[in-house]
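The values are calculated or read from the model by the stated rules, or taken from the named source; none is laboratory data. Just so we're clear, the structure is a prediction, and the values are computed from it rather than from any experiment. Neighbour counts run over all protein chains shown; Cβ positions are idealised from the backbone, glycine included. Just so you know, the surface numbers come from the protein's heavy atoms only, side chains and all, with ligands and any DNA or RNA stripped out. Shrake-Rupley method; radii C 1.70, N 1.55, O 1.52, S 1.80 Å.
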Amino acid sequence: MSASVNHLEQRTQDPSELLDQILPSAITLAMMLRHRKMAAWLRTEFDGYQDRDQAPPYRRDLPGHIVARSPQYGWIPAPVNEQQKQAFGHLDLLDGTKAMEQICIAIKKGDGNRVSLAREDMIVLQQQINLSAELAINLSRDVYARLLRTVRGTVYLWAQAVMAQGLSGDHNHYSPEERAKVADLDDPQRFWRQAMEQVDTLPVADVKPAGFLERMFRRAG
């Protein structure tokens with residue numbers, strides 16, 4: 001088993017590389033460096049969170065638009081006021097990165113993904129707006145893309161910090177001395193908070209729509 005932190009850092013910037021492919025390599029590197037906290041965070045991102053209390057802030061209370069199903073027109077904006085939007089128009093995304101990446105790939109730019117409103121919330125809101133129609137939250141593609149860029153950015157920043165300590169190149173293992181050099185970098189919260197702040201300026205790849213990836217794979221074939 002070998003790992004290259006340089007290659008990992010480059011892959012976060014490559015739009016043809018999915019997080020589904022990047023995170024297992026990052027987990028391998030983290031284990032080789034004895035970065036147990038980072039490995040645990042990477043695994044949880046890959047598999048998903050069990051409840052919202054475990055989830056980092058970039059996954060919680062993400063803003064959406066409340067929509068209602070009309071028999072005549074399909075899904076249309078629900079007649080909610082600002083207070084109702086604040087109370088009901090947000091969602092926690094706890095699924096693993098693979099599932100969210102597939103959703104994001106399938107959504108066209110400018111469109112979104114509709115998620116059913118929790119039944120209890122829907123009943124309360126239906127009563128408030130005097131509407132019996134089914135209600136849902138529409139999360140824009142940008143919401144998913146920003147979350148996934150934050151995860152990519154975390155891996156990118158961590159890899160950069162490891163390389164800055166001289167641990168570049170391909171390795172089958174790291175010596176105790178090398179691991180000691182980067183022991184203080186086993187801090188996923190430090191890197192995901194930095195990624196949250198810098199997500200708009202980091203050179204990591206965006207999630208491209210399905211057509212782009214299909215063209216890339218066809219060209220590679």
- Using the heavy atoms of the protein chains alone and a 1.4 angstrom probe, what is the accessible area of the stretch 12-106 per residue in square angstrom? 51 Å²
- Just need the relative contact order of the stretch 1-109 here, percent rounded to a whole number, with Cα pairs under 8 Å and 6+ apart. 27 percent
- Once volume of the Cα convex hull per residue in Å³ is worked out from the coordinates, which option in (i) 126; (ii) 146; (iii) 136 does it equal? (iii)
- Using the charge dipole of the chain (Lys, Arg: +1 at Cβ; Asp, Glu: -1 at Cβ; taken about the Cα centre), state which of 106, 136, 41 has its Cα farthest towards the positive end. 106
- Residue-wise HN-Hα coupling along the stretch 161-168, computed from phi with Karplus coefficients 6.51, -1.76, 1.60 (Hz; x: Gly, Pro): 5, 5, 5, 5, 8, x, 9, 9
- Query: Past the 32 Å Cα-Cα mark, which pairs from 37/109; 85/108; 37/208; 85/208; 37/98?
  - Reply: 37/109
- Item | DSSP-assigned coil residues among chymotrypsin sites (Phe, Trp or Tyr not before Pro) in the stretch 107-196, each with at most 11 further Cβ atoms within 10 Å | none
- Taking all protein chains as present, what is the carbon and sulfur share of the accessible area of the chain, in % to the nearest whole number, probe 1.4 Å? 47 percent
- Query: Where in the stretch 109-166 are there trypsin sites (Lys or Arg not before Pro) that are in a DSSP coil and have at most 15 other Cβ atoms within 10 angstrom of their Cβ?
  - Reply: 109
- What are the chymotrypsin sites (Phe, Trp or Tyr not before Pro) within the stretch 46-87 that DSSP puts in a loop, where the Cβ has at most 13 other Cβ atoms within 10 Å? 73
- Item | Nearest-20 debye value, the chain charge dipole, Cβ charges on Lys, Arg, Asp, Glu | 400 debye
